[in-house]
Structure formats: structure tokens, C-alpha cells
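Just below is one structure, and these are the notes that go with it.
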Amino acid sequence: MPARRLAALTTRAGQAAGAVWRDPAGPVIAAVLLIGVVLRVYLTVRWHPAMVNYSDTGIYIQDAASGGFSDPLRVVGYGLFLIPLHWLTPHMLLVVLAQHAMGLATAVLLYLTVRRCGAPRLVALLGMAIVALGGMQIFLEHSILSEALFTFLIALALYAAVRTSQGSAWWAVLVGACLGLSVTVRGAGMVLIPVFSLWLLFAVGRVTRNEALRAAAALMASLAVIGGYIGWRHAETGLSGLTSNGNWNLYGRVAPFADCTRFTPPSGTEGLCDPTPPDQRQGRNVEWYVYIGDSPAQKLFGPPYQVSPDPDANEKLGDFSIAAVRGQPGDYLDAVWQDLIRIVDPEHPSDGDLSYNQFMLFLLHDADLDDRNDFVEFWRQVYYPGDVYHWGDINSLEDWERATRVQGPFMVIVLLLAAAAPWAAPRGSRRPGLLLTATAFALLVFPIATHAYDARFVIPALGPLFAAAGLSAWGLFPPAVRLARDARARWT
């Protein structure tokens, strides 16, 4: 490159950087990212190489150590993600560092997505800040758990979708690839494929040839990734589908209230009926029916982490669950509603799983609670035998996590603002606002409708939720200012 051209590019870059820094939002944005980096570095120094007390960590490491596809209940994309990192170095610290980098990248992607909507920098900062600074987000990045990877893929898909709607067709393929990969990491990603496809189809308000081609490209890319995963799994194991035991999740949703005196269980599923009246059952938690050996399903089909001797077990679990929903729609809706309340009030009683407090207790202190840590430690020794734990004092970070939880009245306000984004955002930002809102609410509701509430499942939705809320507030704020000025003028 000629020296003159290089000098010109350098000058323009310096001018652009200076303009950003002179903007009052520039230092704030830099401070948010810097604080996010400091929090992650501090946690890594105080507690390394990773947080490994939560039981799912052992399952993910087992997937990686077994070459993938060892878990019949979950998709194993996260376990496959661990394998190439293990090739580079067989230490969990590399995984944690990669996930912290993805967390910050997720924050930046959400910022860029909202900026692409035409929003001011401070508006775009909202979605970025909740990811960069959220305590639970940081703890999940520091764990051998799938949230950091899943959240990053969703943020990249959102950015690519907005770029696609602005005329760049090749971004549609990236949208589909990210969504397909998200499904292999967390099955809940499946709900986003129709959400994004429909949004791309109507991105300009009507179906045109270009929009149809872009929506089709995204959909085909998603299906290609998922199909490749299913084919790979079949080649490795001889098993079909994304999972072999996926319907256990829906069974767990309905089992606490399912009353076979109120519906006819499909043939072959009679053993799933719990004769104890629902209000007298000890196992009112969704997870009890999935993971405890005395549950009707485990007695009939064996544990969910093994392929059942009954080749039709997964189909029967699904048939029974659908029959229970159809026979007791009110009870199903009530169970879902009680879990939805926990998005605002995590300690609200329901059949769902862990609140923030309960999850943090398991994540940090589970070694003193039960023997599930033995399973995690066994697979850690197999796959990361050279790692040495250092569990230091992180009380200040635990306080930070509690202080940055989004719950209570604050969560109600954010939910209402996000829900209003498709109408309240400035006109040019309403369609992107719709995508952000639909993504956030799909990620919040779908896991609850098909399995249960869990504090972990809320975190991936927070970035899109705050981004949508920011667009809504941006649209509502100028009218509010005008109303206040008019009112003051009338009274003076």
C-alpha cells in the first residue's frame, strides 16, 4: 500500500476515533467494556481454572472426552466445542478465557446491532452493558457450561439479520449457520429458526423476491447445519435425530400435575401415571420426575442419561406428555404461568428448577451438598488431569452478582418496554425492535413451556431484551419530554 494512502487512512481513522471519544457516550462505552474486562480478570485470578461444581459440567466434559454424542438427553454441540480447545491445550483455563472473550464479543455485537438500527450510542449501550457487566453472565462464562457459546451465537445471528435486512444477502447465510449451531448447543435454539425466517421474509413490511431469497437462504443454512449434525450423530452412534431422549424434558413439565383419571394415557404409557393425587405428591419439582430413580418414567424406561431398552421410549414420553396437555390444559397453563412469574420473582414457588440463589449455591458450594460433584470430578480428571484448583475469596463478586440481577419491578419495566418496542421505537427501528423483542421473549418462554424455569435459561435472553427495551425507551422519551414541557407551559 502506498505510503500516502496509508497516511490518509491513518488520519481518517484517527479523526473517527477522536469523534467517537468526543461524543459523551464514548468514554462511557469504553468504561463499560473496561469494567467488564476487569471483572473477568479478577474472577480468573481469584478462582481458577474454572467453576466446575455444577452437575451439567461433568456431562459436557464427558461428551468431549468421549468424542461427542455420549449424552442421549441433550444436544452435544458444547461438548464438541471443547474438543478443539483441548487439542490446543488440555486445560480448562483456555475454555474460560475463550468464553470470557465471547461474552465481551456478545456485548459488542448487541451494541453494533442497535447502532445499525439508527439508535444513539447511549441507547445501544443498554444491551451491551447487561452482558458486559451482568454478574450471572460472568459466572456462567467462568463455568464449563453452554451459556456463553449459545448467547454469542444468538448475538451474532441478530447482528447478521439486521445486516441482511439492510441489503447484504450473504449475511443471511451467517444468520442460518449461527441459528443451526445454536440448536446443537442448546435445543431451545430451535424456536428461533421460524422467528428469524419470518422476520427476514417481512423485513421490509412486505414479501419481495429479495426478502424471500434471504429468508430461504437463512432457513436452508440452518437446516444444513442441523442436518449435518444429525447425520454425524447417526454415523457415530447409529442413533437418529438430534437426541434420543429429548422428550424427557416435556415429560418433566407435565408429570407433576398429570392425572390419568382426567385423560386416557396412550397405549404403552400407562406406567407413566403417578397414582398419588397431584396435591399430595412429594416430587412436585420437574427435575424430580426426570432425574430421580423412583419416578414413574425411570421405573418404566430407565434413566434419561442412558438409551432406553425400549426403542419407543422417547416417542411414548412425547405421546404421554401431549395427551396430558390436551387432557389438562388448565393445569398445564397454570404450571407454565407459575414458572413465568419466576422471571420476575425467582423465589416464587413453582414446579420449576433453580432460582438465582439456588443456582449460585450449586455453582460455588455444591461440593458440600451432595455427591454429584464426584461425577464431575471423575470426568475432569479424565479430560483435564493437569489442572489444579484455586478457589479463592470472591465474596465481592458474589455481591456484584446479586446487585446486578434483573428481577422484581425492574424486570417488569424492562419486559414492558421490550414488549412495546415494535410500536414505541422510532419508525425506522421498529422492525429490528420486533426481532429483538421476539428473540428475547422466545428465549424466555420456550424453555418454560417445554420443560421448566431455570435461572440459567433467563441469561441468554437479557441482551436482546435490554436492546429492545432501549429502542422502546428511545422512542418514548422525546414524547415524554414534550408532554412535560407542554404541561409546565400550561401551568406557568
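The values are calculated or read from the model by the stated rules, or taken from the named source; none is laboratory data. These numbers come from a predicted model, not from an experiment. Heads up, the Cβs are rebuilt from the backbone with ideal geometry, glycines too, and the neighbour counts pull from every protein chain shown. Note: accessible area is taken over every heavy atom of the protein model, side chains too, but ligands, DNA and RNA are not part of it. Shrake-Rupley method; radii C 1.70, N 1.55, O 1.52, S 1.80 Å.
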Just the C-alpha atoms of the chain: what Rg/Rh do they give, with Rh taken as the Kirkwood radius? 0.99
Starting at the first residue of the range 60-76, write each ³J(HN,Hα) from the Karplus equation 6.51 cos²θ - 1.76 cosθ + 1.60 with θ = phi - 60°, in whole Hz, x for Gly and Pro. 5, 5, 4, 4, 5, 5, 8, x, x, 6, 7, 9, x, 8, 10, 5, 10
Between PHE263 and ALA101, what FRET efficiency follows from the Cβ-Cβ distance if R0 is 56 Å, with the result rounded to 0.05? 0.65
Accessible area (Å², per residue) of the chain, counting only protein heavy atoms and a probe of 1.4 Å: 44 Å²
Ranked by how many other beta carbons lie within 10 Å on average, peptides 34-42, 152-160 from highest: 152-160, 34-42
Run the accessible area of the range 412-475 with a 1.4 Å probe and give the carbon-and-sulfur part as a rounded percent. 75 percent
What number, in percent, do you get for the relative contact order of the range 218-294 if the mean sequence gap of Cα pairs under 8 Å and at least 6 apart is divided by its residue count? 29 percent
Could you tell me which residue out of ILE394, PHE410, GLY433 lies farthest along the dipole of the range 383-437 toward its positive end? Charges go on the beta carbon: Lys and Arg +1, Asp and Glu -1, centred on the Cα centre. GLY433
Accessible carbon and sulfur surface of the range 260-300 relative to its total accessible area, %, 1.4 Å: 48 percent
May I ask you to derive the relative contact order of the range 34-110, considering only C-alpha pairs under 8 Å and at least 6 residues apart, and to give it as an integer percent? 29 percent
Highest mean packing first, using Cβ neighbours within 10 angstrom, the peptides 337-350, 115-128, 463-476, 397-410 sort as 463-476, 115-128, 337-350, 397-410
Taking K and R as +1 and D and E as -1, what net charge do the other residues with C-beta under 14 Å from the C-beta of TYR453 add up to? -4
Specify whether the C-alpha gyration tensor of the range 46-117 places it in the rounded, prolate or oblate class, a ≥ b ≥ c being the square roots of the eigenvalues: rounded for a/c under 1.5, otherwise prolate if a/b is larger than b/c and oblate if not. prolate
Helix 192-201 sits off the longest principal axis of the Cα atoms of the chain, rounded to the nearest 10 on a 0 to 90 degree scale, by 40 degrees
With R₀ set to 51 angstrom, the calculated FRET efficiency between the beta-carbons of VAL41 and TRP170, to the nearest 0.05, is 0.90
Overall form of the range 118-195 per C-alpha gyration tensor (a/c, 1.5; a/b vs b/c): oblate
Can you give the angle from 0 to 90° between the axis of helix 408-424 and the longest principal axis of the chain, with both taken from C-alpha atoms, to the nearest 10? 60 degrees
How big is the charge dipole of the chain about its Cα centre, in debye rounded to the nearest 20, if each Lys and Arg gets +1 on its Cβ and each Asp and Glu gets -1 on its Cβ? 3440 debye
Defining a contact as two alpha carbons under 8 Å apart and six or more residues distant in sequence, what relative contact order in percent does the chain show? 21 percent
Among ALA25, LEU200, VAL183, whose Cα projects farthest towards the positive end of the dipole of the chain, with charges put on the beta-carbon of Lys, Arg (+1) and Asp, Glu (-1)? ALA25
Choose one of THR264, PRO304, ILE341: the residue whose Cα lies farthest towards the positive end of the charge dipole of the range 245-370 (beta-carbon charges +1 Lys, Arg; -1 Asp, Glu; about the Cα centre). THR264
Are there any GluC sites (Glu not before Pro) in the range 259-324 that are in a DSSP loop and have at most 14 other Cβ atoms within 10 Å? List them by number. none
THR404/VAL207 FRET efficiency (R0 35 Å; Cβ-Cβ; nearest 0.05): 0.25
Overall form of the range 63-203 per C-alpha gyration tensor (a/c, 1.5; a/b vs b/c): oblate
Once both labels are modelled 7 Å past Cα along the beta-carbon direction, what's the ILE322-ARG427 spacing in nm? 4.6 nm
For the range 444-459, what does the Karplus curve 6.51 cos²θ - 1.76 cosθ + 1.60, with θ = phi - 60°, yield as ³J(HN,Hα) per residue in whole Hz, taken in order and with x for Gly and Pro? 7, 8, 4, x, 5, 5, 9, 8, 5, 6, 8, 3, 4, 6, 6, 4
As a test of the formula, what do you get for the chain when each DSSP H run with n ≥ 4 contributes -39,500 (n - 2.57) and the sum is divided by the residue count, at 222 nm and rounded to the nearest 500 deg cm²/dmol? -23000 deg cm²/dmol
Helix 313-327 versus the longest principal axis of the chain: what angle, 0 to 90°, nearest 10, using Cα atoms? 80 degrees
